[in-house]
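**Q** Got a structure here, written out as structure tokens. Questions coming.
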Amino acid sequence: SNYVPESLFKPHPEYFAWVSPDGDKPAEKQNGLQPCTTRPEVVKLFQEGAIDILRKRKEKDPTNTRLLSVSPNDNTGNMCRCRNCRAVGSYTDCALLLANQVAEAIAGEFPETLVGFMAYGRVSPPPSPGTKAHPNVIVSMATAYNWRTSSLEMLKEWPAFVKHLIIRE
């Protein structure tokens with residue numbers, strides 16, 4: 001990730017995901033491929049990184065701050081299932097929480113920027129009932145590579161959680 005590079009794994013393994021063998025069982029190992037998005041230090045790296053990226057974009061082209069991705073790295077099966085992440089809820093709940101935290105952090109300086117993530121892999125099912133996205137969160141729903149849910153279910157259920165939803169074939 002641009003926010004938490006793999007080079008931080010050795011000095012800060014606590015920043016990285018504890019991986020579950022099947023997505024249901026408690027985590028057993030780390031591999032440095034995905035950040036643990038419930039660690040306050042990691043959230044801060046995402047928030048500060050987002051502001052830095054947007055400021056640099058704005059310098060080059062003031063119209064290039066409309067969208068920012070905080071999507072999990074590819075291979076969502078390596079997302080974190082540590083105690084804190086499991087307490088937040090599903091893989092999707094963790095991805096949405098991070099997007100909400102980044103959207104909130106940038107809203108003052110970049111009120112028009114949409115913070116997005118891909119709903120695919122283990123992040124394809126909608127979040128837990130009662131969960132809401134920040135008004136500036138956008139979800140890009142994939143039509144393939146979904147986990148335990150169909151595209152039709154996603155299309156029916158995701159609009160209850162987010163204001164901005166797009167479909168990616």
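**Q** For the stretch 1-135, report the accessible area per residue in Å² (1.4 Å probe, heavy atoms, rounded to an integer). The partial results should precede the final answer.
**A** Numbers: 6800 Å² over 135 residues.
That works out to 50 Å² for each residue.
**Q** So, one more: Using the Cβ atoms and a cut-off under 12 Å, what net charge is assigned to the surroundings of Val88, where Lys and Arg are +1 and Asp and Glu are -1?
**A** +3
**Q** Tell me, what ³J(HN,Hα) does each residue in the stretch 121-128 have, in order and in whole Hz, if you take phi through Karplus 6.51 cos²θ - 1.76 cosθ + 1.60 with θ = phi - 60° and put x for Gly and Pro?
**A** x, 6, 9, 6, x, x, x, 5
**Q** Using the Cα centre of the chain as the reference point, and only Cβ charges (+1 on K/R, -1 on D/E), how large is the resulting charge dipole? Debye, rounded to the nearest 20.
**A** Values: 20 positive and 18 negative charges, 14 e Å.
Charge dipole, the chain, about its Cα centre: 60 debye, nearest 20.
**Q** Carbon-plus-sulfur fraction of the accessible area of the chain, 1.4 Å probe, in percent? Display every interim value, and only then the final one.
**A** On the way: 4710 of 8960 Å².
About 53 percent, which is the carbon plus sulfur part of the accessible surface.
**Q** Now for a different question. Select from Ser71, Ser150, Ser124 the residue whose mean-square fluctuation is largest in a Gaussian network model of the chain (Cα-Cα springs shorter than 10 Å).
**A** The residue that fluctuates most here is Ser150.
**Q** Something else: Using +1 on the beta carbon of Lys and Arg, -1 on that of Asp and Glu, and nothing else charged, what's the dipole of the stretch 1-99 about the Cα centre, debye to 20?
**A** 220
**Q** Under 5 Å between amide hydrogens, which residues at least 5 positions from Gly32 or on another chain qualify, with H placed 1.01 Å from N in the peptide plane?
**A** HN-HN under 5 Å from Gly32: Ala17.
**Q** Counting Lys and Arg as +1 and Asp and Glu as -1, what is the net charge of the other residues whose Cβ lies under 13 Å from the Cβ of Thr38?
**A** Net charge in that neighbourhood comes out at +2.
**Q** What are the residues whose amide H is under 5 Å from the amide H of Cys80, where those residues sit 5 or more places off or on another chain and H is modelled from the backbone?
**A** Those lying under 5 Å, H to H, from Cys80 are Thr37.
**Q** Turning to a different aspect of this structure: Within the chain, how many lysine pairs that are 8 or more places apart, or on different chains, have C-alpha atoms less than 24 Å apart? Each step should come with its number before you reach the end.
**A** Values: Lys10/Lys29; Lys10/Lys44; Lys29/Lys44; Lys44/Lys56; Lys44/Lys58; Lys44/Lys132; Lys132/Lys156; Lys132/Lys163.
So the count works out to 8.
**Q** Additional query: Residue separation times 0.36 nm, minus the C-alpha to C-alpha distance between Ser128 and Asn75: what's the value?
**A** Extra length available between Ser128 and Asn75 comes to 16.9 nm.
**Q** With label points built 7 Å along Cα→Cβ from the Cα atoms of Glu6 and Glu169, find their separation and express it in nm.
**A** 3.2
**Q** Further question: In the set (i) 120; (ii) 136; (iii) 111, which value of volume of the Cα convex hull per residue in Å³ was calculated from the structure you see?
**A** Looking at volume of the Cα convex hull per residue in Å³ for this model, the match is (iii).
**Q** Using heavy-atom solvent-accessible surface (probe 1.4 Å) with all chains present, what is the largest-first order of Trp147, Trp18?
**A** Ranked from most to least accessible, the order is Trp18, Trp147.
**Q** What is the stretch 1-43 by shape, rounded, prolate or oblate, if you read a ≥ b ≥ c off the alpha carbon gyration tensor as root eigenvalues and call it rounded for a/c under 1.5, prolate for a/b larger than b/c, and oblate otherwise? Could you put the intermediate results ahead of the total?
**A** Values: a/c = 2.13, a/b = 1.71, b/c = 1.25.
Note, shape of the stretch 1-43 comes out prolate.
**Q** Under 12 Å from the Cβ of Arg122, count the other residues' Cβ atoms, weight Lys and Arg +1, Asp and Glu -1, and hand me the total.
**A** On the way: positive: Arg81, Arg148; negative: Asp22, Asp24, Asp74, Asp93.
Combined, the nearby Lys, Arg, Asp and Glu give -2.
**Q** Using the beta-carbon distance between Glu28 and Lys60 and R0 = 45 Å, what value does 1/(1 + (r/R0)^6) give for FRET efficiency, to the nearest 0.05?
**A** Numbers: r = 43 Å, r/R0 = 0.97.
It comes out at approximately 0.55.
The values are calculated or read from the model by the stated rules, or taken from the named source; none is laboratory data. Since we're looking at a predicted model, the values are computed, not measured. Glycine gets a Cβ as well: all are built from the backbone with ideal geometry, and neighbour counts include every protein chain shown. Quick note on the areas: whole protein, heavy atoms, side chains included, nothing else; ligands and nucleic acids left out. Shrake-Rupley method; radii C 1.70, N 1.55, O 1.52, S 1.80 Å.
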